[in-house]
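Novice: The structure that follows is given in the form of structure tokens.
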Amino acid sequence: MQKKIIIAVIALALLAGCGANNPFQDPPNVVLILTDDMDNTLMPYMPKTNQLIGEQGATLDNYFITTPVCCSSRASMLRGQYAHNTDILQNSPGFARFYKLDEEKDTLNVWLQNAGYRTALFGKYLNNYPVNAGKTYVPPGWTDWAAFVSNRDEGNFFYNYTMNINGELVDFADSPEDYSTDMILEKSLAFIGSSVAADSPFFLFVSVYAPHGPAIPAPRHRGLFSDLTYPKKTSFNEADISDKPLLIQTLATGGDVFDENDANGYFQGRASSLQAVDELVEKLVQTLESNGELDNTYIFFTSDNGFHLGEHGLSSGKGTPYEEDIRVPLMVRGPGIEPGTAVSQMTANIDFAPTVAEIAGAETPFFIDGRSFLPMLLGEQVPWRDGLLVEFGYIDEEEPSDAPPDPETDNALNGVRGGAFRAIRGLDYVYVEYVNGEIEFYDLVTDPYQLENLAGSLSAETLSVLHTKLDGLKYCEDESCRVLDQELKIEIQK
């Protein structure tokens, strides 16, 4: 009897340490569904996801990617750090650099495994995986692993791909059952079942390739959106880009004109490729419910970065500081989250790891730059940031010499001289400094589509304040990042 009393006291103490409104009965499960290159214009075409996650939980309308390319964003999600601290600032060298810096030994999945969780990743990991690590290399901290192996023939990960499945290379062909989204779903359902059987909390990272180009839909979804038109903004093929940096002008005029037909064709394929993902979300929710785990599971749905299609005269791609590339969907449902919750504060990919760690009660390292937004999901008011750092490319050194070729490199600014940048995305403005000295400033209240670059009309004092704040952010670490991002409100003087 005495032993039972002691255990009960310990359990109550642990719950008290998580806050008075702790919603957890058991250690919660966490499922992350991560799409690839998905911008907000595609969310209306995922009805099941909207209904089963968004309407049943929270929508975070101001969720940003601090480095708007795949590998950098994923590294930041796994470690809770800005890209200048992970040192993964482009897709190349990507995984090779992450591995070389030994950063995989201290990532979210490792923290969760140390806290007693089973962990799994199915699908895309980091660009150029597993270059320099050995063909059958599996990173530490994963109970179950099935990751795409980097292509060298500019192929894709929908069909005819190779996966490292727990240290064994397996080739997939081009039959309907090889379609990668469906294969990832199959493995995810099996992992949920094995975790329930083991009576273990779990972290499931579902990393689909859609809607990344060439955005191939499953056979059952071909032709679904043949009449769909891209929801063009006033920035689509912006008529006057003379105020944009020269590198943007060069990109906008350096190839064939990207017109409405091009945008519509891309958009139709992207929406079609997400239909299998929408079905995946539904089947995951159904399986969790049938296993009795849905009420004790947090399900996150988001993307690694956004994507532009013709905005500012640019064709298709990512990697710019513009809203289409840095702002992506985020929905979460789970214990304690009231259906229909709306979170308007600025959250980011650097916040994902500390948020999930708090959910799981896992210990976190000192180096985290982001912060947990779990309190806001649960309806609490907490001090928050006024802005974020957005960054891309190496500015203090030449591009790392260990960079392998990257067939997924469709970043708008890759290979363009002066393309590296650092920026502040404030609550109502964007300020950008490019490595070649050019600058941009947009007032998002009066100019939400970023048509008029006001940098040339700002006062010297305002520009000095912005430069000083950005200079601090671009070298910040852990706590200093969280202090500086609460000091980003400015008074614009012209």
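Novice: Which whole-number percentage describes the relative contact order of the range 126-165, with Cα contacts under 8 Å and a sequence gap of 6 or more?
Specialist: Details: 35 pairs, mean separation 17.5, N = 40.
After rounding, I find 44 percent.
Novice: For Lys283 paired with Tyr159, estimate the spin-label separation in nm (one decimal), with each label point 7 Å from Cα along the Cα-to-Cβ line.
Specialist: Computed distance between label sites Lys283 and Tyr159 equals 1.8 nm.
Novice: Tell me, rounded to the nearest percent, the portion of alpha carbon pairs in the range 315-395 spaced more than 21 Å apart.
Specialist: Values: 1262 of 3240 pairs.
Result: 39 percent of Cα pairs exceed 21 Å.
Novice: Sticking with this structure for a sec: Calculate the spin-label point distance for Asp178 paired with Lys135, positioning each point 7 Å from the Cα along the beta-carbon direction, and give it in nanometres.
Specialist: Distance between the two pseudo-spin positions: 1.7 nm.
Novice: Another question, if that's okay. Listed here are the pairs Lys48/Lys124; Lys100/Lys474; Lys244/Lys489; which of them are more than 27 Å apart at the Cα? Don't skip to the answer; put the middle values down first.
Specialist: Values: Lys48/Lys124 23 Å; Lys100/Lys474 23 Å; Lys244/Lys489 24 Å.
Beyond 27 Å between Cα atoms: no listed pair.
Novice: In addition: Over its Cα atoms, what ratio of radius of gyration to 2.2 N^0.38 Å does the range 45-135 give? Before the final figure, lay out each step's value.
Specialist: On the way: Rg = 15.4 Å, N = 91, 2.2 N^0.38 = 12.2 Å.
Scaled against compact globular proteins, the figure is 1.26.
Novice: Can you compute the helix-only [θ] at 222 nm over the chain? Use -39500 (n - 2.57) per DSSP H run of at least 4 residues, normalise by all residues, nearest 500 deg cm²/dmol. Please report the intermediate quantities before stating the final value.
Specialist: Working: 14 runs with 137 residues, N = 494.
Rounded to the nearest 500, the figure is -8000 deg cm²/dmol.
Novice: Can you check what the net charge comes to around Phe202, using other residues whose Cβ is under 12 Å from the Cβ of Phe202 (Lys, Arg +1; Asp, Glu -1)? The partial results should precede the final answer.
Specialist: Details: positive: Arg118; negative: Asp26, Asp144, Asp199, Glu293.
Value of the local net charge: -3.
Novice: Here is a follow-up. Compute the relative contact order of the chain as a whole-number percentage, counting only Cα pairs closer than 8 Å that sit 6 or more residues apart in sequence.
Specialist: Working: 1025 pairs, mean separation 118.0, N = 494.
Relative CO of the chain lands at 24 percent.
Novice: Order by neighbour count: Cys476, Cys71, Cys481, fewest other Cβ atoms within 10 Å first, most last. Walk me through the intermediate numbers first.
Specialist: Working: Cys476 19, Cys71 30, Cys481 24.
So the residues, fewest neighbours to most, are Cys476, Cys481, Cys71.
All of the numbers you see were taken from the coordinates with simple rules; none came from a lab. Note that the structure is a prediction, hence the values are computed from the model and not measured. Every residue, glycine as well, gets a Cβ built from its backbone with ideal geometry; the counts of neighbours run over all protein chains shown.
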